Amino acid sequence: MAGEGDSEPGKSFKLLGFLDVKNVPCARESVLYGSLGSLVMGLGHFLATSRVKRSCDVAVGGFICTMLGYWFYCRYNLAQQRIRQRMLKQGMKNRILFEGSYLDPEKEHTGSERSDS
């Protein structure tokens, strides 16, 4: 019998009804860093000024800025990683394709072999 706090393995959590935190890359980390940023900025502003309403405004702004900042940083790194993976995959494919042939760049060409260039 499952308890109330248990969640199903396939169930996802949607933030604001549209952002699927489980399946969208970088979403979970962005929300977590945004929460931490809002806490630090809001608490810091409150300790500096003792103004509650203004500190809440700063906390909301800190959440948005931190979340979006980390979102773009993470997505940029993810895109760079995918580009490197694609290049590596293509290089491995070419290595397998050209290995042992006259087009192999690592094969030593002797003087008896003629190059077409």
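The values are calculated or read from the model by the stated rules, or taken from the named source; none is laboratory data. A quick note: this is a predicted structure, and the numbers were derived from the prediction, not measured. Note: areas computed on protein heavy atoms with side chains; ligands, DNA, RNA excluded. Shrake-Rupley method; radii C 1.70, N 1.55, O 1.52, S 1.80 Å.
Laid out as a table, the results:
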| read-out | value |
| --- | --- |
| Candidate set from the range 22-64 (those that are in a loop (DSSP other than H, G, I, E, B) and of a type outside the set (A, V, I, L, M)); member that is most open to solvent (accessible area, probe 1.4 Å) | 51 |
| Residue satisfying all of: in the range 80-99; open to solvent by less than 80 Å² (accessible area, probe 1.4 Å) and at pLDDT below 95; nearest to residue 46 (Cα to Cα) among these | 91 |
